[in-house]
Amino acid sequence: MKKILVLSMLLLALSLVLIGCQGQQEAAAPAEAEPAQEEAATELHIYNWSEYIDPEVYTAFEEEYGIKVIEDTFSSNEELLAKIQAGAAGYDLIVPSDYMVEIMIAEGLLAELNHANVPNIANLSALFSDPPFDPGLTYCVPYQWGTTGIGYNSEVFEDAPASWAYIFDPAMAAEYEGKITMLNDSRESIGAALKYLGYSLNTTSEAELEEAKELLIQTKPFIFSYDSDQFEDLIAADEVVIGHGWSGDYFMAAVDDERIWYVIPEEGGVVWADNLCIPLTSKNQDAAELFINYILQPEIAAQITNFTWYGSPVEAANEFIDPEILEEPAIYPSAETMERLEWIQDVGDATPLYERIWTEVKASE
Ligand code: N2P
């Protein structure tokens, strides 16, 4: 009963924020048919975020299809974009977030999906079947979704540090000087500062962005590092006690170190969805679609979520997801919490401004 309540709250919440979902369809039963391969690919090169899949999924795919999955990792959407723009031609699958999908589509960097090869797309929740950043799922398939907030050591913080003030208010941050991390990510870290200041994290106002820059520079002396790969491990290693980071990474670390926990700040944070997309330069599009179809199977999608502690867009996976994950309000947030979250969007002409500010923050002493 509780699970049903949590799920209905989630559905309501997502419908509030994931605007533009027209032509929604009922989730269908898993399709059995597997697409035929035109060419016998023996390798599939995926460029992914770190620790973002159960490695056994790669092994099982390899055993089933004889295609070896080779993974490289990146740490930010901007790093991914730069690599693909620079002509990196070796990748068959990449995993950009929502706003970056929009940018990559506009730049002509992605191949259109052949839906006939991905029948398991029918397993997606209606809320992820027609996202505003990729209408009709023309190019990509949603992979995992989560939030950006605050991870912490609960032995140090008896009450959850549920405010960005723990990082941005100098009087509070001074207490944890040198024991705070922030993501090494322009949109995320500037976004957190904008949220603390009460602005939209998609603002294009130069004045608001300058204010966010000053705040980040003022905060820098308290920061141990800007890190998007080890931030959760740094708490486990007692190097830091609090950080700005992605929900699932903290929860995953909590499996081995129960002192670690995660909270969505009261001022709000980011809700995001990452997506599997095929770069235009891939020579193994069929194998890439085979892999996408493979992980859209409910039990495989659940296996991934049970490993990453991020939400799955595959509705049919819910019955295989650990109840501890499905019932965790910071993973499947209530409608009320979702109202405080914002999606990062492509800010168009303001993008260089964000990049300049982030460069200045990183270069400041
Ligand atoms: C996984 C990182 C999640 C990606 N380690 C954030 N979009």
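Over the chain, what number does the Rg to Rh ratio reach, with both radii from the alpha-carbon atoms and Rh per Kirkwood? My calculation puts Rg/Rh at 0.96.
Taking only the C-alpha atoms of the range 42-134, the Rg (one decimal) and the largest Cα-Cα distance, Dmax (whole number), read 14.3, 36 Å. Overall shape: oblate for the range 198-353, with the ratio a/c of the largest to smallest alpha carbon gyration tensor axis at 1.5 or above and b/c at least equal to a/b. The base-10 log of I(q)/I(0) for the range 287-329, evaluated at q = 0.23 Å⁻¹, reads -0.69 [Debye formula, identical scatterers on Cα atoms, solvent excluded]. Over the range 47-114, accessible surface divided per residue gives 39 Å², non-protein components excluded, 1.4 Å probe. Our note on the geometry: Cα centres of the range 136-197 and the range 290-365, 14 Å apart. Seen from every direction in turn and averaged, the convex hull around the alpha carbons of the range 208-281 projects onto 7.9 nm².
Computed over the range 102-218, the P(r) curve from all C-alpha pair distances, binned at 10 Å from the origin, holds 11, 30, 25, 21, 12, 1 percent per bin. In sequence order, the range 181-196 has phi-based couplings of 10, 10, 4, 8, 7, 4, 5, 5, 6, 5, x, 5, 5, 4, 4, 4 Hz under the Karplus curve 6.51 cos²θ - 1.76 cosθ + 1.60, θ = phi - 60°, and Gly or Pro positions carry x. Considering only A82, A212, A330, the Gaussian network model of the chain with Cα springs below 10 Å gives its largest mean-square fluctuation to A82.
Close amide-amide hydrogen proximity is noted between I223 and G178, each under 5 Å apart and 5 or more residues distant or on a separate chain (H modeled in the peptide plane; Pro and chain starts excluded).
Scalar couplings 3J(HN,Hα) for the range 79-90, obtained by applying the Karplus form with A = 6.51, B = -1.76, C = 1.60 to θ = phi - 60°, are 5, 4, 4, 4, 5, 6, 4, 6, x, 4, 9, x Hz; x denotes Gly and Pro. In this structure D238 has an accessible area near 90 Å², from a 1.4 Å probe over the protein heavy atoms.
For the chain, carbon and sulfur atoms together expose 51% of the accessible surface, with a 1.4 angstrom probe and every protein chain in place. Rolling a 1.4 Å probe over the heavy atoms of the protein chains gives the range 142-187 an accessible area of 33 Å² per residue. Go through K179/K362; K83/K220; K195/K362; K83/K283 and tell me which ones have a Cα-Cα distance over 21 Å in this structure. Violating the 21 Å Cα-Cα cut-off are K83/K220. With a ≥ b ≥ c taken as the square roots of the eigenvalues of the C-alpha gyration tensor of the range 142-273, please select rounded if a/c is under 1.5 and otherwise prolate if a/b is larger than b/c or oblate if it is not? The shape class here is oblate.
Against the chain, whose longest principal axis comes from its Cα atoms, helix 247-256 is set at around 90 degrees. Springs between Cα atoms under 10 Å define the GNM used for the chain, and in it the highest mean-square fluctuation of G90, G108, G311 occurs at G108. Rg ratio for the range 122-183: its Cα radius of gyration over 2.2 N^0.38 Å, N being its residue count, equals 1.77.
Taking each DSSP H run with n ≥ 4 as -39500 (n - 2.57) and averaging over every residue of the chain yields -11000 deg cm²/dmol at 222 nm.
The values are calculated or read from the model by the stated rules, or taken from the named source; none is laboratory data. For clarity, every value in this text was computed on a predicted model and none was experimentally measured. Just the protein is used for accessible areas: all its heavy atoms, side chains included, with ligands, DNA and RNA removed. Shrake-Rupley method; radii C 1.70, N 1.55, O 1.52, S 1.80 Å.
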